[in-house]
Amino acid sequence: MVDITFKTFTLRKAIAAATIKTSAISTVEAVKNGTVPKGNVLEFARASALLAIKKTSDVIPDCHPLPVEFAAINYEMSGLDINITVEVHTIYKTGVEVEAMHGASVAALVIYDMLKPIDKNVEIANIRLLEKQGGKSSQKNIETENLTAAVVVCSDSVSQGLKDDTSGKLLVESLNNHGISNIDYSVVPDDISAIQEKIEFFKNRGCHLLVFTGGTGLSDRDVTPEAVLPFITKEIPGIMETARNYGQDRVKTSMLSRGIAGFSDDMLILTFPGSSGAVKEYDQALFPQVLHVFSVKKGDGH
């Protein structure tokens, strides 16, 4: 099965359809009037589709088991056709399009099975996905072409040449992948004055996004939050709440990070932990949606 442990829970929806083609209007009338010998065709198909939706991962090997939080099966008669639509919702890490299509498939098979004694030419015409929502495929395009960014590594050992940096380079690569090409990279020691000099420098340059990595822990030399806080003019608590919550599901010590986030006038400052694993987690939890703050700040709305 595909690894989805890094993904986040979002509302996901899918609508699938199937069409049954009958060969006589009398077949459709029998369905409408409930006179099919095998019973109420549409209600049998509805119950079977609900069961199929819930059991999708049992019969489709690569599908992940997931919580089905809403499902609806609807029918429309059009000429000789019986059109089925199946809608499924979940709040989970992966989508429900296969669940919706599985439900539509089974509903179509049940209708076919119940109608074949009275219509030898009944057939299933097609099964298709009509719509899907949720996850990264539904995220609005965020304008990043004109954004400038800076990554600052806060580390005594890296600044002294005793240790190679990986976290800062991961952040630069990630920002590049999110469409930000103008990125400054630097290293400073775990020192309040050195960190604050960087903030002043990048504010004066009109930088849009400043990301620190390191110095958010609990040792006496972890001073990044203390250095950054006096410059925050508008704190955004939800950013780091989201990152820590994401990390807490994976590493139980994530709660110990003291990172903060917010605007310093027009520059967004984020403070990430120093470990490369935590940087990957924070990146997955926050990007690209955190970049939406720039359009919101301009008054474009949510």
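The values are calculated or read from the model by the stated rules, or taken from the named source; none is laboratory data. Given the structure is predicted, the values throughout are model-derived calculations rather than measurements. Every residue, glycine among them, receives a Cβ derived from its backbone with ideal geometry; neighbour counts consider all protein chains shown. We work out accessible area using only protein heavy atoms, side chains counted, and drop any ligands, DNA or RNA first. Shrake-Rupley method; radii C 1.70, N 1.55, O 1.52, S 1.80 Å.
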Residue (of Ala285, Leu229, Asn126) at the positive-pole extreme of the chain, dipole from beta-carbon charges:
Asn126
If I model a spin label as a point 7 Å beyond the Cα along the Cα-Cβ vector, how far apart are those points for Asn74 and Thr166 in nm?
5.1 nm
Nearest-0.05 FRET efficiency for Lys32 and Ile91 at R0 = 35 Å, using Cβ-Cβ distance, is 0.45
Residue by residue through region 262-274, what is 3J(HN,Hα) from phi via Karplus (6.51 cos²θ - 1.76 cosθ + 1.60, θ = phi - 60°)? Round to whole Hz and write x for glycine and proline.
x, 8, 10, 6, 9, 9, 7, 10, 10, 10, 9, x, x
Protein-only accessible surface order, largest first, of Lys13, Lys163 at 1.4 Å:
Lys163, Lys13
Treating the Cα atoms of region 30-98 as identical point scatterers in vacuum, please give the log10 of the normalised Debye intensity I(q)/I(0) at q = 0.14, 0.18 Å⁻¹, two decimals.
-0.53, -0.76
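Please report the relative contact order for region 10-136, taking Cα pairs under 8 Å with a sequence separation of at least 6, and give it as a percent rounded to a whole number.
Relative contact order of region 10-136: 47 percent.
Once the convex hull of the C-alpha atoms of region 65-148 is built, how many Å³ does it hold per residue, rounded to a whole number?
127 Å³
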Please report, as a whole percent, how much of the solvent-accessible surface of region 10-136 comes from carbon and sulfur atoms (probe radius 1.4 Å).
54 percent
Heavy-atom surface of the chain, accessible at 1.4 Å and reported per residue (Å²):
51 Å²
Using only Cα atoms, what is the ratio of the radius of gyration of region 10-136 to 2.2 N^0.38 Å?
1.08
Between the modelled labels at Ile4 and Glu200 (7 Å from Cα along Cα→Cβ) the distance in nm is 5.0 nm
Heavy atoms of Asp62: accessible area, 1.4 Å probe, square angstrom to 10
80 Å²
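For region 248-302, with all protein chains present and a 1.4 Å probe, just round the carbon and sulfur fraction of the accessible area to a whole percent.
Exposed carbon and sulfur together represent 55 percent of the surface.
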With 32 Å as the limit, write out which pairs from Lys21/Lys132; Lys132/Lys297; Lys132/Lys203 have Cα-Cα distances beyond it, or answer none.
Lys132/Lys203
Applied in sequence order to region 103-120, the curve 6.51 cos²θ - 1.76 cosθ + 1.60 (Karplus, θ = phi - 60°) yields integer Hz couplings, x standing for Gly and Pro, of x, 5, 5, 5, 4, 5, 5, 5, 4, 4, 4, 7, 9, 4, x, 10, 8, 6
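What is the Rg over Rh value, at two decimals, for region 131-277, using alpha-carbon atoms and the Kirkwood definition of Rh?
Values: Rg = 15.5 Å, Rh = 15.9 Å.
Ratio value, two decimals: 0.97.
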Under unit Cβ charges (Lys, Arg +1; Asp, Glu -1), what dipole magnitude, rounded to 20 debye, does the chain have relative to its Cα centre?
860 debye
Which part of region 260-279 falls in the paramagnetic zone of Glu235, meaning amide N under 19 Å from the point 7 Å along Cα-to-beta-carbon?
260-273
From the phi of every residue in region 240-253, what ³J(HN,Hα) in whole Hz does the Karplus formula 6.51 cos²θ - 1.76 cosθ + 1.60 yield, where θ is phi - 60° and glycine or proline is x?
6, 4, 5, 5, 5, 4, 4, x, 5, 5, 10, 10, 5, 8
Probe 1.4 Å - accessible area at His292, Å² to nearest ten
50 Å²
Förster radius 25 Å - calculated FRET efficiency between Asn182 and Leu11 (Cβ-Cβ, nearest 0.05)
0.15
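May I ask you to derive the relative contact order of the chain, considering only C-alpha pairs under 8 Å and at least 6 residues apart, and to give it as an integer percent? Walk me through the numbers on the way to the answer.
Numbers: 582 pairs, mean separation 53.0, N = 302.
Relative contact order for the chain comes out at 18 percent.
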Contact order relative to length for region 138-183, counting C-alpha pairs under 8 Å separated by 6 or more residues, stands in percent at 54 percent
